[in-house]
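Here, each number is a calculation from the coordinates, and none is a lab measurement. This is a predicted model, so every value here is computed, not measured. Note that each Cβ is placed from the backbone with ideal geometry, even for glycine, and that neighbours are counted across all protein chains shown.
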Amino acid sequence: MNSRAVLAVLVSAALSATIWALSMPLTGKTEPWDAEWPYYFVALAMAGGVCGAIVRRHLWAHYLGAVLGQVAYELVFLKLGPLFMLGLVFLAGYSLIFLASAALVASFKRDPPGAKPAT
């Protein structure tokens, strides 16, 4: 994995974990998908957009980071229940919002004139 892909994973993981960390103070719900609409969806879209602006390629790394960051937050800070595995499936699905937003923003970002394309 090259340094830009690693950066994409790290930034995506940090921002997606932040969505979970801010859920309780902003919505009163421990899990963001239990919050009133549209907190989780908007937060995922915003975080994905920021990540897509920072690293426009390596979309697979953004998705991986988004999933890993959320799962890591759950494992470290939340009490896991019997529905944890089902939650992982939903989390993977919801992370597609993050991915779509990262891809959309990345598609608008251009290299400066004369710059070598990033790999």
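Scanning segment 75-95 for residues that are of a type outside the set (Ser, Thr, Tyr), surrounded by 14 or more Cβ atoms within 10 Å (Cβ to Cβ) and under 24 Å from His58 (Cβ atoms) yields Leu88, Leu91, Ala92. The residue list Leu64, Leu7 contains one member that is surrounded by 16 or more Cβ atoms within 10 Å (Cβ to Cβ) and either out of contact with any helix residue (DSSP H, G or I) (no Cβ under 7 Å at 6 or more places or on another chain) or free of Cβ contacts under 8 Å to residues at least 12 places away in the same chain (or both), which is Leu7. Just for segment 15-30: of the residues that are in contact (Cβ under 8 Å) with a residue 40 or more places away in the chain and crowded, with 16+ Cβ neighbours inside 10 Å, which one is farthest from His62 (Cα to Cα)? In this case the residue turns out to be Trp20.
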